[in-house]
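The values are calculated or read from the model by the stated rules, or taken from the named source; none is laboratory data. What you are looking at is a predicted structure, and each value in this text was computed from that prediction instead of being measured. Here the Cβ is made from the backbone with ideal geometry for all residues, glycine too, and neighbour counts use every protein chain on show. Ligands, DNA and RNA are excluded from the accessible area calculation, which covers all protein heavy atoms including side chains. Shrake-Rupley method; radii C 1.70, N 1.55, O 1.52, S 1.80 Å.
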Amino acid sequence: MTNFERFLDTFFNGKVMLKYLPDILSGMVVTIELAVLIVLSGLAAGLSLALIRSLAIRPLNWLIIFIVDLFRSLPPLVIIVLMYFGLPYAEVSPSGFVSTWLSLAFVLMAFSEEIFWAGITSVHKGQWEAARSTGLSFGQTLMNVVLPQALRLTIPPLTNRTIAITKGTALGTVVAVTEILGEASSAVSNSYNPSPLMMGAAAYLVLFLPVVVLARRLETKFAWKK
Amino acid sequence: MTQQPIVDARAIHKHFGALHVLKGVDLKVAERELVFVIGPSGSGKSTLLRCLNRLEEPSSGSIVVDGIDMLDARTDINHARQRIGMVFQSFNLYPHMTALGNVTLALRKVAGKSRVEADRLGQAALERVGLADRAGHTPGQLSGGQQQRVAIARSIALEPRVMLFDEPTSALDPELVGSVLEVMRSLRESGMTMIVVSHEMGFARNAADRVVFMDDGLIVEQGPPAAIFENPTHERTRAFIGQIQRH
């Protein structure tokens, strides 16, 4: 066998790949489920916190800033581990799947809150004044005038952050979530061959490349046209 | 004044922290009157205007507009503000909406009109400012003068009883000022009560009923434009008029 053949046999072993393909596919399903849940709940919570923060109720804002800063500073892995191994002592035993989902959703909530908030505050004060002077209430102004402008500004940083955090689903493997990386690494140990890892990498590309491309197109589409 | 003034502001004080911006201003405006407020920058004229619709909260005093006590906690301020149109120096059009969208937002959300009815009223308001053919344009596609006229349409569509103009032409290129003043003149001819903070002295001279000169948070003197511009009684007024006429 030449070196190249040995390389192929090790990393792209057809027999091994065929055998573990179903496992990788089922891992992809788990990853997609996790990603969708994290994105939906994380962004919804982040936007809600930003909206609450715009009410400018001081003690509430201190609490929001504290929570947001906490989840922005902690490594996501630490949060997942704490939730999975720590919460059982408080008589709550979330599964690995739930621990990963909630942890990453909290992290996305924290980062997206800051991004949404920056978007809201960057809308010129004159927009508020014009709207309020026509009799629109605070809430009507926020929803009809300020938020549509703020969201446009937030799309590029938001898509980047969302992709980065969603890739963190791979951390779920530490708490036995059978997502792509989890399936791939157990296949590696069972087959004594790293080919499943290559399949895992390919699976991530298949999942995330379209998202990255879509994000780029969204950014172009919503770029501020003055 | 025999009739009830439509704007009756008394003893208005406004502090910004340690800064005492308004030091007890009284301003009564009669229906259909056009009052011009002039004065050096920092004299408090914009703040006074912004107090009238409570964009700025006066520190003390009383403000009654069209019979509504603006400073009463029980007053529905959003309802009251529909009767007081405001036009800003920087237009403040909503950049994500068309001209018609700008004009109809409050009609739909505040005045409770259906979309069809709001569009009809909005289109009529744009017609009044000469921009019926620009209804589908976004602010970015309009000149400054056109944007300011859309902003005026956004206010008049709500059929306000009073219009406040806060330096409406200051941000415009000189050649665009005329079109905005023309709209203001036609508003005046239709009988709109207007309070205008501006340095357009030519316009003040031939359109205003009264010119109010403010300095250092107080009304120094007021009277018909001819009297203020030709024969100011106070030294400060004379100095200010002299300064702006030298330009």
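Residues in segment A:139-146 carry Karplus couplings, in order, of x, 5, 5, 4, 6, 8, 10, 7 Hz; the curve used is 6.51 cos²θ - 1.76 cosθ + 1.60 with θ = phi - 60°, and Gly or Pro positions show x.
A cut-off under 12 angstrom between Cβ atoms defines the neighbours of B:S155, and their net charge, with Lys, Arg +1 and Asp, Glu -1, is +4. For the residues of A:121-133, the average number of beta carbons from a partner chain within 10 Å of their own beta carbon is 6. Buried surface between chains A and B: roughly 1700 Å² of accessible area, summed over both sides, computed with a 1.4 Å probe on protein heavy atoms only. Proximity of backbone amide H atoms, modeled 1.01 Å from N, is registered between B:V220 and B:F213, B:M214, B:D215 at under 5 Å, excluding neighbours fewer than 5 places apart on the same chain. A simple packing score, the average count of other Cβ atoms within 10 Å per residue, orders the peptides B:40-50, B:177-187 as B:40-50, B:177-187, with the highest score first. Distant-in-sequence amide contacts of B:Q89, defined by a placed amide H-H separation under 5 Å and a gap of 5 or more residues or a different chain, comprise B:D166. Distance from the alpha carbon centroid of segment A:188-203 to that of segment B:40-82 works out to 71 angstrom. Each part gets one Cα centre, and for segment A:88-143 versus segment B:93-136 those centres are 31 Å apart.
For the pair B:T233 and B:S170, the difference between a 0.36 nm per residue extended length and the Cα-Cα distance amounts to 19.9 nm. The amide H of B:E31, built 1.01 Å from its N in the peptide plane, has B:I6 as neighbours under 5 Å, considering only residues 5 or more places off or on other chains.
Counting only lysines at least 8 places from B:K14 when in the same chain, those with an alpha carbon closer than 22 Å to its own are A:K125, B:K23, B:K28, B:K45. With all protein chains kept in place, the per residue accessible area of the protein assembly as shown amounts to 48 square angstrom at a probe of 1.4 angstrom. Across segment B:150-157, rounded Karplus estimates of 3J(HN,Hα) from the backbone phi angles (6.51 cos²θ - 1.76 cosθ + 1.60, θ = phi - 60°) give 4, 4, 5, 4, 4, 6, 6, 4 Hz, Gly and Pro being marked x. Please check: in the Gaussian network model of chain A (C-alpha springs, under 10 Å), which one of A:L18, A:L147, A:L34 has the largest mean-square fluctuation. Sorting by GNM fluctuation, first place goes to A:L18. For chain A, the relative contact order is 32 percent, taking Cα pairs closer than 8 Å that sit 6 or more residues apart in sequence and dividing their mean separation by the residue count. Extension gain B:D133-B:E117, at 0.36 nm per residue separation less the Cα-Cα distance, in nm? That works out to 3.9 nm of additional length. With the helix formula -39500 (n - 2.57) applied to DSSP H stretches of n ≥ 4, chain A reaches a computed 222 nm mean residue ellipticity of -25500 deg cm²/dmol. Here the 3J(HN,Hα) profile of segment B:84-96, calculated from phi with Karplus coefficients 6.51, -1.76 and 1.60 at θ = phi - 60°, is 10, x, 9, 10, 9, 4, 9, 6, 6, 6, 7, x, 8 Hz, Gly and Pro shown as x.
Accessible surface of the protein assembly as shown, 1.4 Å probe: 60 percent of it comes from carbon and sulfur atoms.
Measuring max minus min along each principal axis, the C-alpha atoms of the protein assembly as shown give extents of 106, 50, 44 Å (largest first).
Dipole orientation for segment A:29-179: of the candidates A:I57, A:M109, A:F97, A:I57 has the Cα lying most toward the positive pole (charges on Cβ; Lys, Arg +1; Asp, Glu -1). Here segment A:29-179 yields Rg over Rh of 1.06, to two decimals, using C-alpha coordinates and the Kirkwood radius. Count Lys and Arg as plus one, Asp and Glu as minus one, and take only other residues whose Cβ is under 10 Å from that of A:I65; the net charge is then -2. Comparing B:G122, B:G145, B:G61, which has the greatest mean-square fluctuation in the GNM of chain B with Cα pairs linked when under 10 Å apart? Comparing B:G122, B:G145, B:G61 in the GNM, the peak value goes to B:G61. With respect to chain B, whose longest principal axis is taken over its alpha-carbon atoms, helix B:99-109 is tilted by about 90°. Computed from label points 7 Å out along Cα-Cβ, the spacing between A:F11 and B:S190 is 7.4 nm. All other residues whose Cβ lies under 13 angstrom from that of A:S189 are scored, Lys and Arg at +1 and Asp and Glu at -1, for a net of -2. Mean partner shielding of peptide A:139-146, defined as the number of other chain Cβ atoms within 10 Å of each residue Cβ, is 3.
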